[in-house]
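> Mind looking over this structure? Questions follow.
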Amino acid sequence: MNHDELLEQEVRTWTPEESPSEAVSVNGVALSARDINLESANYDGGSITDRQHQAAVALVIRELLRQRATELGLLAADADLDDATIDRLLDQEIDIPEPDERACRRYFEQNRARFRGEDRAELRHILLPAHPDDLDQRDQVRQQAEALIAQLQSEPKLFANLALQHSACPSREQGGALGWIGRGQTVPEFEGPVLRLPAGLAERPVESRYGWHVVDVLDRQEGAALPFEAIHDAIARYLVETARSRATSQYLQVLAGEAKIEGLDLASGTTPLVQ
């Protein structure tokens with residue numbers, strides 16, 4: 001995780017409950033409503049007020065960092081804060097210890113279930129198409145998929161024929177066969193459920209952006225457990241980034257606590273920087 005991602009994470013975490021006033025300032029340095037509105041264009045989702053929240057917090061954080069960098073002689077008083085200066089500031093101010101072998105192994109032992117190879121499943125399916133925005137059509141197609149499942153539960157040998165008759169997927173020519181699939185090979189809303197299904201005909205249809213799928217799991221292969229040695233470096237990187245994120249959050253909390261911030265309540269117990 002780079003410093004931009006860390007700061008974006010803090011913006012999401014440190015969100016005030018009320019709209020910023022038109023006069024936000026950090027140690028007497030004003031952040032105008034115009035600056036906040038311009039910055040809010042960089043954020044998606046939520047209301048205008050939500051985006052103004054995020055923009056105000058982002059600008060306050062950058063101003064806190066700019067002032068600290070200036071104080072330490074890393075930036076001229078009249079210069080704009082750039083990414084390289086943020087890197088130098090955080091590297092100088094935040095101490096991130098490297099995790100030792102014991103810490104890495106402890107994390108491994110506590111999270112063994114996460115450290116496996118990829119699960120795979122051999123599938124065949126019948127895709128009944130439905131427009132993603134047509135709720136009435138999707139409901140009708142779901143009922144059609146349920147009817148096909150009921151038919152296949154009593155006549156499983158009909159799967160290939162029903163796929164040829166009803167499926168909108170080119171796999172209908174092969175009896176609906178998709179072969180072996182793993183993570184990242186299909187759309188997530190389809191592969192997520194089907195990779196968790198037991199072998200056999202799924203009792204309920206699976207929904208995707210394309211419609212509803214009648215799914216038959218022909219075989220499954222569970223991912224093999226990975227040895228500690230194979231993932232030691234990945235665990236070490238994860239622990240470093242987790243420590244960096246926590247330390248950055250704490251560092252910004254300290255900067256805010258020592259600053260005079262007006263127009264935006266960052267000291268509220270309901271909007272902590274440190275989670």
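The values are calculated or read from the model by the stated rules, or taken from the named source; none is laboratory data. Just so it is clear, the structure is predicted and the values come from calculations on it, not from any experiment. Please note: Cβ atoms are built from the backbone with ideal geometry, for glycine as well, and neighbour counts cover all protein chains shown. Surface areas here come from the heavy atoms of the whole protein model, side chains and all, with no ligands, DNA or RNA. Shrake-Rupley method; radii C 1.70, N 1.55, O 1.52, S 1.80 Å.
> Restricting to the range 9-49, count the residues that are at pLDDT below 85, surrounded by fewer than 17 Cβ atoms within 10 Å (Cβ to Cβ) and closer than 20 Å to residue 85 by Cβ.
1
> With the requirement that a residue be open to solvent by 50 Å² or more (accessible area, probe 1.4 Å) and either basic (Lys, Arg) or more than 22 Å from residue 64 (Cα to Cα) (or both), what does the range 242-256 give you? Working first, answer last.
Keep residues of the range 242-256 that are open to solvent by 50 Å² or more (accessible area, probe 1.4 Å), which gives 244, 246, 250, 253-254.
Of everything in the range 242-256, those that are open to solvent by 50 Å² or more (accessible area, probe 1.4 Å) and either basic (Lys, Arg) or more than 22 Å from residue 64 (Cα to Cα) (or both) turn out to be 244, 246.
> Sticking with this structure for a sec: For the structure I just gave you, tell me whether residue 55 is surrounded by 12 or more Cβ atoms within 10 Å (Cβ to Cβ) and in contact with an Asp or Glu (Cβ under 6 Å, 6 or more places away or on another chain).
Numbers: surrounded by 12 or more Cβ atoms within 10 Å (Cβ to Cβ): yes; in contact with an Asp or Glu (Cβ under 6 Å, 6 or more places away or on another chain): yes.
Yes, satisfied.
> I'd like the full set of residues that are open to solvent by less than 70 Å² (accessible area, probe 1.4 Å) and without any contact (Cβ under 8 Å) to a residue 12 or more places away in the chain, limited to the range 231-241.
Pass one, the range 231-241, residues open to solvent by less than 70 Å² (accessible area, probe 1.4 Å): 231-232, 234-236, 239-241.
Of everything in the range 231-241, just one residue is open to solvent by less than 70 Å² (accessible area, probe 1.4 Å) and without any contact (Cβ under 8 Å) to a residue 12 or more places away in the chain, namely 234.
> So, one more: Could you check the range 67-95 and list, in sequence order, the residues that are under 21 Å from residue 236 (Cβ atoms) and buried (at least 17 other Cβ atoms within 10 Å of the Cβ)?
90
> Something else about it: Being at pLDDT below 95, open to solvent by less than 80 Å² (accessible area, probe 1.4 Å) and aromatic (Phe, Trp, Tyr), is that true of even one residue in the range 152-164?
No, that holds for no residue.
> Among all residue pairs at least 6 apart or on different chains, which show Cβ distances below 7 Å where the first residue, located in the range 175-200, is at pLDDT below 90 and the second is open to solvent by 60 Å² or more (accessible area, probe 1.4 Å) and not in a loop (DSSP other than H, G, I, E, B)?
Matching pairs, first to second residue: 182/120.
> Give the residues of the range 181-207 that are open to solvent by less than 40 Å² (accessible area, probe 1.4 Å) and either assigned to a strand (DSSP E or B) or acidic (Asp, Glu) (or both), sorted by residue number.
181, 191, 200, 206, listed by residue number.
> Just to confirm my filter: which helices (runs of 4 or more DSSP H) fall fully inside the range 81-164 and include at least 2 residues that are within 22 Å of residue 210 (Cα to Cα), of a type outside the set (Gly, Ala, Ser) and in contact (Cβ under 8 Å) with a residue 12 or more places away in the chain?
Numbers: elements: 83-93, 101-110, 135-154.
Helices (runs of 4 or more DSSP H) meeting the threshold: 135-154.
> Scan the range 264-275 and tell me whether some residue there is outside any loop (DSSP other than H, G, I, E, B) and within 29 Å of the chain's Cα centre (by Cα).
There is no residue in the range 264-275 that is outside any loop (DSSP other than H, G, I, E, B) and within 29 Å of the chain's Cα centre (by Cα).
> Here is a further query. Would it be correct to say that residue 212 is buried (at least 17 other Cβ atoms within 10 Å of the Cβ) and either within 30 Å of residue 225 (Cβ to Cβ) or touching a strand residue (DSSP E or B) at 6+ places or on another chain (Cβ under 9 Å) (or both)?
Values: buried (at least 17 other Cβ atoms within 10 Å of the Cβ): yes; either within 30 Å of residue 225 (Cβ to Cβ) or touching a strand residue (DSSP E or B) at 6+ places or on another chain (Cβ under 9 Å) (or both): yes.
Yes, satisfied.
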